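This report concerns only the one structure given below.
The values are calculated or read from the model by the stated rules, or taken from the named source; none is laboratory data. Since the model is a prediction, treat every value here as computed from it, not as a measurement. In this analysis, Cβ positions are derived from the backbone assuming ideal geometry, glycine residues included, and neighbour counts consider all displayed protein chains.
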Amino acid sequence: VPPDATDFREKAVIADTRAIADTVRRACPNGVIDVVPSPNRVTVVYDPLLIDGLDDLLKALHALVAAATKAQPQAPTCHEVPVCYGGDDGPDFAAVCQHHGIGTARLIQLHTEPDYLVTAIGFVPGFPYLAGLPPALATPRLASPRTHIPAGSVGIGGSQTGVYPFATPGGWQLIGRTSVPLFDPTASPPAALAVGDRVRFRATAESPAAPPFIPPPLHALHAPTVTVLEPGLMTTVQDLGRSGQRAAGVPSGGAADPLSARLANLIVGNPESAALIEFTLLGPSLRFETDTIVALAGATIASQPTLRPLQMRAGETLVIGHVTAGCRGYLAIAGSIDLPPVLGSWATYLPAGFGGLAGRPLVAGDQLAVGPPSAIPTSLNWSLDPSLVPLPPRAASCQLRFIPVTADTTRLRPLTTAPFSVTASSDRMGLRLRGRLPKTAADGVSRAVLPGTIQLPPDGNPILLLADAQTIGGYAILGQVIAADLPLAGQLRPGDSVQFEPTTIAAAHQMLRQQHEMLATVRSGIHSHFQPQRKSRP
């Protein structure tokens, strides 16, 4: 196919992708919680608990797709991005020139000539994947990715170019920098670019300052209730995550084990979605400045009881200590942590540095305010059954059920027959597993990924994505771990063994409903231990 025809076809596909995504987002069918456009498809994320049946949702979506593709295409928005090429702003500029045997002026000319097409937003919030790079500039990624790329860096990765909105690790060749901010979590929409937009780079001699990123002000309405004495490991403020922002490259985030987070909040009388503290393997030491009720849930803790209300008096210190089973624990405080939400959530998103307390883990000396409790307990002498929180077995493989992308049993067998071990390089973004699988060819097109997606990188060791995973990925996809098993996946620690068991969409829906019914039963039982908090008269 001639290059110009290929370009025309790609632009038409992206235009359809944007039209479909916008149409579905505006119509917002029952159960749809997010819509993610990517280069050759639109991924619709739905909540099985909010729909009567998948067939009805699919019927509604097919009608919306038909309407979107017949509508007059929306004119693309064009953006000019000034770039200072080379020098300290483009540390790989000279190497790219040498790789292609061209001079500096020619590289700048080639890079600034096209009108680039935004084909996806992902990797990190606001990061644009731009198509239209001249073939003469296609450059392999770095053999070893950098651990730190300055915000605003303009890079080339293979046949694509893009701009890093945040300081982040990355493997693209850096040829310049811009001061144009591409993401602002306080704006609406938060991403400056959208799929289908056009971008043209303009060379400038002025070295840019870092793109401004001003976190929302941390104003609390109440006096500090908790002081952090020792932070523990990877201790952050979380909730049940944010929805509706994946098109801007913002993942759902939130608690890696949302079931335990819900239970902890229920025990202290909070809404299930309230902000609370998540810690990993080692819990924090906290001093309480006022009387309050707290509850621990999730991982088993050597020195503290879990799944029951605990009275903390003013001046007392709670030393949580080490986790003995599972990986992540949750501490809920009656009234919930009082911080400003970002994009509709209190969840800390570390890769982009927003949410929670200034977008970072807690450190010694931090103080957290807590709002007034909505209910007061009539009794503290009760606890929940520990079996409500599934934790990985100590002496056997943890079974995770997944929906495979293929019904071919021959291709499935390597994934479902051998156990995989969780490696130490795992984090909130994903579990990196050891256990080599046969290579599966990816089509080279980035597409939407979610918590629970099983990816296969070229080295053959699968990755199971978790709460903070990116929204777009280019690795081959093997399947999707069901939502009911994601709390268990969030409790896996390095050294644990994992086995994958295939299941069906219908079975996945049923298991999630059963989990929801269990929570409803627990909620009803806990309610009997509380009475509403009376509001004081002015």
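Tabulated data
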item: Residues of region 62-111 satisfying the condition of being charged (D, E, K, R) and over 18 Å from residue 132 (Cα atoms); result: 70, 88, 89, 92
item: Residue check for residue 207: modelled with pLDDT under 95, of a type in the set (Ser, Thr, Tyr), surrounded by fewer than 24 Cβ atoms within 10 Å (Cβ to Cβ) and more than 30 Å from residue 19 (Cα to Cα); result: yes
item: Boolean, residue 449 is within 22 Å of the chain's Cα centre (by Cα) and closer than 23 Å to residue 355 by Cβ; result: yes
item: Qualifying residue in region 386-398 (condition: among the small types (Gly, Ala, Ser) and either in contact with a Lys or Arg (Cβ under 6 Å, 6 or more places away or on another chain) or within 28 Å of residue 119 (Cβ to Cβ) (or both)); result: no
item: Filter result for residue 175 (in contact with a Lys or Arg (Cβ under 9 Å, 6 or more places away or on another chain) and touching a residue at least 40 places away in the same chain (Cβ under 8 Å)); result: no
item: Of residues in region 224-281 being among the acidic types (Asp, Glu) and touching a Ser or Thr at 6+ places or on another chain (Cβ under 9 Å), the one surrounded by the fewest Cβ atoms within 10 Å (Cβ to Cβ); result: 230
item: Lone unmet requirement of (1) crowded, with 20+ Cβ neighbours inside 10 Å; (2) under 25 Å from the mean Cα position of the chain (by Cα) for residue 137; result: (2)
item: Residues of region 121-174 satisfying the condition of being under 18 Å from residue 95 (Cβ atoms) and among the hydrophobic types (A, V, I, L, M, F, W, C); result: 133, 136, 137, 138, 142, 143, 149, 154, 156, 172, 174
item: Test for residue 147: is it at pLDDT below 95 and surrounded by fewer than 14 Cβ atoms within 10 Å (Cβ to Cβ); result: yes
item: Qualifying residue in region 169-185 (condition: assigned to a loop (DSSP other than H, G, I, E, B), among the small types (Gly, Ala, Ser) and buried (at least 18 other Cβ atoms within 10 Å of the Cβ)); result: yes
item: Subset of region 271-304 that is in a loop (DSSP other than H, G, I, E, B) and under 24 Å from the mean Cα position of the chain (by Cα) - its residue that is farthest from residue 45 (Cα to Cα); result: 281
item: Hits in region 348-357 (condition: touching a Pro at 6+ places or on another chain (Cβ under 9 Å) and on the phi < 0 side of the Ramachandran plot); result: 348, 349, 350, 351, 352, 354
item: Count of residues meeting criterion [within 30 Å of residue 500 (Cα to Cα), of a type in the set (S, T, N, Q) and in a strand (DSSP E or B)] in region 362-399; result: 1
item: Complete set of residues in region 66-82 that are closer than 23 Å to residue 472 by Cβ, in contact with a strand residue (DSSP E or B) (Cβ under 8 Å, 6 or more places away or on another chain) and surrounded by 14 or more Cβ atoms within 10 Å (Cβ to Cβ); result: 76, 79, 81
item: Members of region 18-39 that are of a type in the set (Val, Ile, Thr) and in a helix (DSSP H, G or I); result: 20, 23, 24
item: Single match in 338, 291 (criterion: surrounded by fewer than 23 Cβ atoms within 10 Å (Cβ to Cβ), in contact with a His (Cβ under 7 Å, 6 or more places away or on another chain) and in the same structural domain as residue 376 (by TED's automatic domain parsing)); result: 338
item: Candidate set: region 59-92, residues that are of a type in the set (Ser, Thr, Tyr) and touching a Lys or Arg at 6+ places or on another chain (Cβ under 9 Å); chosen: the one nearest to residue 171 (Cα to Cα); result: 85
item: Search result, residues across region 490-500 that are farther than 23 Å from residue 438 by Cα and surrounded by 23 or more Cβ atoms within 10 Å (Cβ to Cβ); result: 490, 491, 492
